[in-house]
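The values are calculated or read from the model by the stated rules, or taken from the named source; none is laboratory data. Everything quoted here is computed from the prediction, not taken from an experiment. Using ideal geometry, Cβ is built from the backbone for each residue, glycine included, and neighbour counts are taken over all protein chains shown.
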Amino acid sequence: MTGNLRSTTTRLRRTPSSIKDGPGINHGDIADHNSRIVLELLRVFGVLTRRELSQRLGLTEPAITGILRRLEGRGLVTSRRQTDASRYPVTEFMMRPEGCVSLGLRLARRAATAVLIDAAGGVIAEQCDISPDKLIATGKMLLERKPAEAEVLGVGVALSPDDGVGLEEVRSAFAPLTVLANADSATAATAERLIGAGDRDGGFVSILVTRSGVRAGLSIGGRPFHGMHGFAGGIGAMRTGQDRAPLAEGLSPDRLDAAIAAGDDRAAAIADWAREAADHLLDAVVAISGVVVPGLIVIGGDLPDDAIDAVVAEILAAPVAIGGRPTTTSWMPPLCRSSLPAAGVTVGAALLPIVEFLLPDPRRLREAPTQTEGAAARV
């Protein structure tokens, strides 16, 4: 690995969740917390003035100026004068996505992918369908394509049951860069929250259909939920449909490929497959809706878009038997296909270092800063 990939990342401290309690929180923690929120506001809203940031954060404009100065110093924020201002031009601030980059790797043997993204989640370069033995080399090649002055935040890894590359091998290959890893279902949920469907009241569920099974990522309050033992989301083994087969079999991409190959009419093959697949997926959707009650259920992964759309249409049109009587599915949360390729698994992996180093804890984003304006001005 070439020398320009040395680790230059400034690890921003995570403000403890007990920030409201006060003890142990210093000005550095407060400054870090506020810097992360300012960067997140600029990421979400695009362009904001000092006054707008001051109003949103409840801080004085001098305090906002100090935060912006630090972020500009790291190359993460830039500014411009309002073009439509007449007598008193106002300075607008915006995120500078090219100020840093992050690499994402999906280790799945049959869907290995590498992607390089900027701080806003925009794809700079991507390689799909890589053989596992070439994944690390491809990742290093993508890093060479970063903007010259961009800071490399780290490497994010999406893990799945059929990984073709070991996590420790990745850590060794990309040292001294920080390598963060999570399950592919969780990285898909991360991508949906940040650059896809967005967070919802009640959270959302991302159902990931892959060639190695079906998994679900649950996001609550902007954070992935893993369960007490870390196995939450393993829905592929659920017995579903009239034949009580595992959900992973009913939604198998391989079964869809075989149906398309065996017929002359692709659309008809997808329609037949979708009817059977929906019979299985509906059971899982009903179970999720009744227990978790998410604000949205998103479906994506290694299936063609038209196949997912067909399954969603079948589910929305299907009656559900409750207490022996058929009823409609209108009580279920919205159900849709992910707008992100492969449900954003690899992009979500690349977002892990961005979440770790730049963005605030989502549980803190809606809360007002806890320090006084005088303290804020000093940091």
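Annotations for the structure displayed:
- D283 assigned to a loop (DSSP other than H, G, I, E, B), more than 23 Å from T187 (Cα to Cα), modelled with pLDDT under 95 and of a type in the set (D, E, K, R): no
- Just one of the listed residues (D129, D201) is more than 18 Å from V355 (Cα to Cα), assigned by TED's automatic domain parsing to the domain that holds S289, surrounded by fewer than 20 Cβ atoms within 10 Å (Cβ to Cβ) and within 21 Å of the chain's Cα centre (by Cα), namely D201.
- Selection of the range 341-366 for residues being closer than 22 Å to R70 by Cα and at pLDDT below 90 yields P360, D361, P362, R364, L365.
A quick yes/no check of all residues on (1) crowded, with 16+ Cβ neighbours inside 10 Å; (2) assigned by TED's automatic domain parsing to the domain that holds L159; (3) under 30 Å from K134 (Cβ atoms); (4) of a type in the set (V, I, T):
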position	(1), (2), (3), (4)
R56	no, no, no, no
T60	yes, no, no, yes
I64	yes, no, no, yes
I67	yes, no, no, yes
L105	yes, yes, yes, no
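- Count of the range 286-310 residues which are touching a helix residue (DSSP H, G or I) at 6+ places or on another chain (Cβ under 8 Å), part of a helix (DSSP H, G or I) and among the hydrophobic types (A, V, I, L, M, F, W, C): 2
- Criterion (among the basic types (K, R) and either farther than 24 Å from V312 by Cβ or in a strand (DSSP E or B) (or both)) met by exactly one of R171, R193: R171
- Residues of the range 141-165 that turn out to be within 22 Å of T178 (Cβ to Cβ), surrounded by fewer than 16 Cβ atoms within 10 Å (Cβ to Cβ) and not hydrophobic (A, V, I, L, M, F, W, C), as a count: 4
- V285 vs. criteria in contact with an Asp or Glu (Cβ under 9 Å, 6 or more places away or on another chain) and surrounded by 22 or more Cβ atoms within 10 Å (Cβ to Cβ): no
- Residue in the range 118-140 that is farther than 29 Å from R211 by Cα, in contact (Cβ under 8 Å) with a residue 60 or more places away in the chain, touching a Leu at 6+ places or on another chain (Cβ under 7 Å) and small (G, A, S) present: yes
- Residue match in the range 332-340 (condition: over 24 Å from S160 (Cα atoms), of a type outside the set (D, E), modelled with pLDDT under 85 and surrounded by fewer than 22 Cβ atoms within 10 Å (Cβ to Cβ)): yes
- Here R51 fulfils each of the conditions (1) surrounded by 16 or more Cβ atoms within 10 Å (Cβ to Cβ); (2) in a helix (DSSP H, G or I); (3) more than 26 Å from the chain's Cα centre (by Cα) apart from (1).
- Flag if R239 is basic (K, R) and out of contact with any helix residue (DSSP H, G or I) (no Cβ under 6 Å at 6 or more places or on another chain): yes
- Pairs, first assigned by TED's automatic domain parsing to the domain that holds D243 in the range 282-307, second surrounded by fewer than 19 Cβ atoms within 10 Å (Cβ to Cβ) and aromatic (F, W, Y), C-beta under 8 Å, six or more apart: S289/W331
- Residue in the range 171-179 that is crowded, with 22+ Cβ neighbours inside 10 Å and either of a type in the set (S, T, N, Q) or in the same structural domain as E40 (by TED's automatic domain parsing) (or both) present: no
- Filter result for E249 (acidic (D, E) and either out of contact with any Lys or Arg (no Cβ under 8 Å at 6 or more places or on another chain) or more than 27 Å from S219 (Cβ to Cβ) (or both)): no
- Consider the range 79-93 and keep the residues that are in contact with a Lys or Arg (Cβ under 8 Å, 6 or more places away or on another chain) and either assigned by TED's automatic domain parsing to the domain that holds L39 or farther than 30 Å from G28 by Cβ (or both). The one that is modelled with the lowest pLDDT is P89.
- Summed over the range 308-330, the residues that are hydrophobic (A, V, I, L, M, F, W, C) and at pLDDT below 70 give a count of 3.
- Of all residues making up the range 238-297, the number that are among the basic types (K, R) and under 22 Å from S206 (Cα atoms): 3
- Failed condition for E92, given (1) surrounded by 15 or more Cβ atoms within 10 Å (Cβ to Cβ); (2) under 18 Å from the mean Cα position of the chain (by Cα): (2)
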